[in-house]
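Undergrad: Structure in structure tokens, see below.
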Amino acid sequence: MIKVLPLAGLMGLLSLSCASECTDMGCLSGLDVELRPPVDGSGVSSLKVRLDNAEIACSVAPEANCDGARLSWEGGQLRAISVDKVRPEQVEIQLLQGDEVVRSATFTPTYVAQYPNGTDCPAACERSQLVLGD
């Protein structure tokens, strides 16, 4: 014998099967700094990033990375700096060639909640997108 479900019952079953669930998929709080225009790697020897009272400092070489910060390189040019697992209220960045400051800026980041599982699930992190220009 074949049972026929009323249309309302069938729609209810379909909506249950399509409902999204919150998962453990997450993201990292932090900040991303885009360099506009990108900086030629041969013109920068070191990087200093001050996050409130903490500092990240490292030597920079084309295609190299930095302990505490991720550097995004393309074609020998430094395009972005990312720092994860932080949420500073004040950020100061300096790119140096020897003792000379090539580019620098101080930011008060604005953080945006990220929802990798959709807006019906709790925010997993907050990130700030910054631009360091000439």
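Undergrad: Looking at (1) 14.9; (2) 17.5; (3) 15.3, which value of Kirkwood radius over Cα pairs in Å comes from a calculation on the structure shown?
TA: Evaluating Kirkwood radius over Cα pairs in Å on these atoms matches (2).
Undergrad: Sticking with this structure for a sec: Could you work out the local net charge near GLY76, counting Lys and Arg as +1, Asp and Glu as -1, over the other residues with Cβ closer than 12 Å to its Cβ?
TA: Computed value for this residue: -2.
Undergrad: Just want the ordering: VAL112, VAL91, from fewest to most Cβ atoms lying within 10 Å of their own Cβ.
TA: So the residues, fewest neighbours to most, are VAL112, VAL91.
Undergrad: In nm, what is the difference between 0.36 nm times the number of residues separating SER42 and GLU55 and their Cα-Cα distance? Working shown, then result.
TA: Numbers: separation 13, 0.36 × 13 = 4.68 nm, distance 2.32 nm.
Between SER42 and GLU55, full extension yields an extra 2.4 nm.
Undergrad: Sorted from fewest to most neighbouring beta carbons within 10 Å, what does the list GLU92, GLU100, GLU63 look like?
TA: Placing the least packed residue first, the sequence is GLU100, GLU63, GLU92.
Undergrad: In whole percent, what relative contact order does segment 30-133 give with Cα contacts below 8 Å and a gap of six or more residues?
TA: 32 percent
Undergrad: Next up: Quick one: net charge of THR106's neighbours, Cβ under 15 Å, K/R +1, D/E -1?
TA: -1
Undergrad: Moving on to the next point. Using 7 Å Cα-to-Cβ label points, what is the LEU28/VAL112 separation (nm, one decimal)?
TA: Label at LEU28, label at VAL112, 2.0 nm between them.
Each reported figure results from applying straightforward, stated rules to the coordinates on display, with no laboratory input. Keep in mind that what you see is a predicted model, and the values were worked out from it rather than measured. All Cβ positions, glycine included, derive from the backbone under ideal geometry; neighbour counts span all protein chains shown.
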